[in-house]
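Asker: Have a look at the structure that comes next, please.
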Amino acid sequence: MSGKKAKMIVEKDFKVSEVDKRIYGSFVEHLGRAVYGGIYEPGHPEADENGFRKDVIELVKELNVPLVRYPGGNFVSGYNWEDGVGPKADRPRRLELAWRTIETNELGTNEFVDWAKLVNAEVNMAVNLGTRGIDDARNLLEYCNHPSGTYYSDLRISHGYKEPHKIKTWCLGNEMDGPWQIGHKTAHEYGRLANETAKVMKLVDPSIELVACGSSNRSMPTFADWEATVLDHTYENVEFISLHQYYGNRANDVANYLALSLEMDDFIKSVISIADYIKAKKHSKKTINLSFDEWNVWYHSNDADRKIDPWTIAPPQLEDIYNFEDALLVGSMLITLLKHADRVKIACMAQLVNVIAPIMTETGGPAWKQTIFYPYMHASVYGRGVVLNPIVSSPKYDSKDFTDVPVLDTTAVYNEEKEELTIFAVNRDLEDSLLLESDIRNFEGYKVVEHIVLENNELKQVNTAKEQAVVPHSRGDATNDNGIVTASLPKLSWNVIRLKK
Ligand code: AHR
């Protein structure tokens, strides 16, 4: 046992906010094998009568994913949604220019809504503001949400969908600040278009919520100015500004890699400040929230992707195989999102199946869980309720890009209805376990029901279709003695300490 210790005080009344369940959202793009060979594979032994893989559905249900963003991503900026509705035999094959593949359009809007229902998730639909604009956005919205008696709502009905889909959250394009984006725009161009599209979409259905595109990541040269300009244009007509961020351990510096959630934290704080600056500038009473609608680790597959030939159907693109250290960073990214639950109301792990995903499949073969599946599942299942703001004191370390990195990364979620308190904690220490003492005296009568630990001797250990080498166990040693919960957190570990009255 090491001499390292950390302490925290968890108080019922120190509240950050109620968790919006959409913070545990995910993302399915028409990219690689996310759709074809991922959620949809007619002919697979596990396929249902509509071609949806039941083994994948079961894994998605385990994750308890409440919201799935669709259909892109970069894909949406060249997508004609009309190609994917109506009789399948009439649907065109298209050159898909974002990822340079062939899109068969075998699966489109209605089938995706059907699939989302099977996994109990809402759809977060993106409209194309790359090659298209206001007209197509309003038509798609009319097709999806208008009950009947108009051209597009009746078209939906003629396609076999009598009831409207009632899609509530909509993204106004994707990463429009990125030069790689089809129809890339300046902040002024995008801000104007997004605002006019938002106005018209809300005329069609005033109950929807809209997400304006923020920067593609914090390193974009236009970051901050982009958010300010876009919000200046759109403030009164949107509810959210988006954030996207992916990390990787390219330098193989674990201490630095695990500290990257501090950068995510800083990114979130910056976007909140920008949104609130525009609020002040406009003397507005309205507060814009954050939709962190793409976040994850993404780097393992970069080299392999450069070797993929163009114009094939569903090639194995962005198939990162995640290792144990990635699961730790994903755990810290989830904790970071929770810490900002007062402003981050939507977040989507990008993505869900095969493409930088917690779930992998073999075409024609099994589906299996990547290492990052576990922290995502734990947070989504146990992290519902009110996020608390514990007072934490932890040893710290310095890394290449960060100073004063807390060895302990933690937060707590209180579910009053279920009388459950859950502490999520990452021990970032490379050498030593950490003795954590949590004062929860305010939670009288609460007992430890489980201390889940994800640990492994090999940082680079991965899971495969054949072997689940990185799996959590429930042999953690947390105990509660008169309101002081003591737990030793193994070196480099993800911990979930579950207490119940
Ligand atoms: O999630 C993969 C890609 O990453 C998305 O298509 C795009 O929005 C982002 O750059």
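Asker: Just to check your reading of the model, which residue among Asp205, Asp177, Asp232 is more than 19 Å from Asp293 (Cβ to Cβ), crowded, with 18+ Cβ neighbours inside 10 Å and either at pLDDT below 95 or among the acidic types (Asp, Glu) (or both)?
Answerer: Within the list Asp205, Asp177, Asp232, the selection yields Asp205.
Asker: Taking Glu111, is it away from the ligand (no atom under 16 Å from the Cβ), charged (D, E, K, R), surrounded by fewer than 19 Cβ atoms within 10 Å (Cβ to Cβ) and in contact (Cβ under 8 Å) with a residue 40 or more places away in the chain?
Answerer: No: the conditions fail for Glu111.
Yes or no, residue by residue, for (1) within 17 Å of Leu210 (Cβ to Cβ); (2) in contact (Cβ under 8 Å) with a residue 12 or more places away in the chain; (3) not assigned by TED's automatic domain parsing to the domain that holds Ile182:
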residue	(1), (2), (3)
Trp115	no, yes, no
Arg132	yes, yes, no
Arg138	yes, yes, no
Cys144	yes, yes, no
Tyr151	no, no, no
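Asker: Oh, and also: Using beta carbons and a limit of 7 Å, which pairs, at least six apart or on different chains, have the first residue in the range 72-101 and among the hydrophobic types (A, V, I, L, M, F, W, C) and the second one within 16 Å of the ligand (Cβ to nearest atom) and part of a strand (DSSP E or B)?
Answerer: From residues that are among the hydrophobic types (A, V, I, L, M, F, W, C), the pairs are Phe75/Glu96; Val76/Ala126.
Asker: All but one of (1) more than 15 Å from Ala187 (Cβ to Cβ); (2) in contact (Cβ under 8 Å) with a residue 40 or more places away in the chain; (3) of a type outside the set (Asp, Glu) hold for Ser273, so report the exception by its number.
Answerer: (2) is the only condition that Ser273 fails.
Asker: Another question, if that's okay. Are there any strands (runs of 3 or more DSSP E) wholly within the range 454-501 with 1 or more residues that are surrounded by fewer than 22 Cβ atoms within 10 Å (Cβ to Cβ) and of a type in the set (A, V, I, L, M), and if so which?
Answerer: By residue number, 484-489.
Asker: Applying the selection to the range 69-100, what residues are in contact with a His (Cβ under 8 Å, 6 or more places away or on another chain) and either within 16 Å of the ligand (Cβ to nearest atom) or among the hydroxyl-bearing types (Ser, Thr, Tyr) (or both)?
Answerer: Pro71, Gly72, Gly73, Phe75, Tyr79, Glu96
Asker: Here is a follow-up. Before we move on, is Val28 under 16 Å from the mean Cα position of the chain (by Cα) and crowded, with 24+ Cβ neighbours inside 10 Å?
Answerer: Answer is yes for this residue.
Asker: Filter the strands (runs of 3 or more DSSP E) completely within the range 354-452 down to those with at least 3 residues that are closer than 22 Å to Ala469 by Cα and either at pLDDT below 95 or away from the ligand (no atom under 16 Å from the Cβ) (or both).
Answerer: Hits in the range 354-452: 367-369, 420-427.
Asker: Taking Arg100, is it at positive phi and either modelled with pLDDT of 95 or more or among the charged types (D, E, K, R) (or both)?
Answerer: yes
Asker: Those residues that are within 15 Å of the ligand (Cβ to nearest atom), closer than 30 Å to Lys460 by Cβ and not in a strand (DSSP E or B), I need them from the range 221-257; list them, please.
Answerer: Gly248 - this is the single residue of the range 221-257 that is within 15 Å of the ligand (Cβ to nearest atom), closer than 30 Å to Lys460 by Cβ and not in a strand (DSSP E or B).
Asker: Every residue in the range 308-343 that is in contact (Cβ under 8 Å) with a residue 60 or more places away in the chain, in contact with a Pro (Cβ under 7 Å, 6 or more places away or on another chain) and of a type in the set (A, V, I, L, M), please.
Answerer: Ala327, Leu334
Asker: If you don't mind, there's one more thing I want to ask. Among Ala212, Ala198, which is away from the ligand (no atom under 16 Å from the Cβ), of a type in the set (Gly, Ala, Ser) and buried (at least 17 other Cβ atoms within 10 Å of the Cβ)?
Answerer: Every option except Ala198 fails the conditions.
Asker: Output the residues belonging to the range 34-80 that are among the hydrophobic types (A, V, I, L, M, F, W, C) and out of contact with any Asp or Glu (no Cβ under 7 Å at 6 or more places or on another chain).
Answerer: Result: Ala34, Val35, Ile39, Phe52, Val56, Ile57, Leu59, Val60, Leu63, Val65, Val68, Val76.
The values are calculated or read from the model by the stated rules, or taken from the named source; none is laboratory data. These numbers were taken from a predicted model, which means no experiment stands behind them. Quick reminder, even Gly has a Cβ in these numbers, built from the backbone with ideal geometry, and neighbours come from all protein chains shown.
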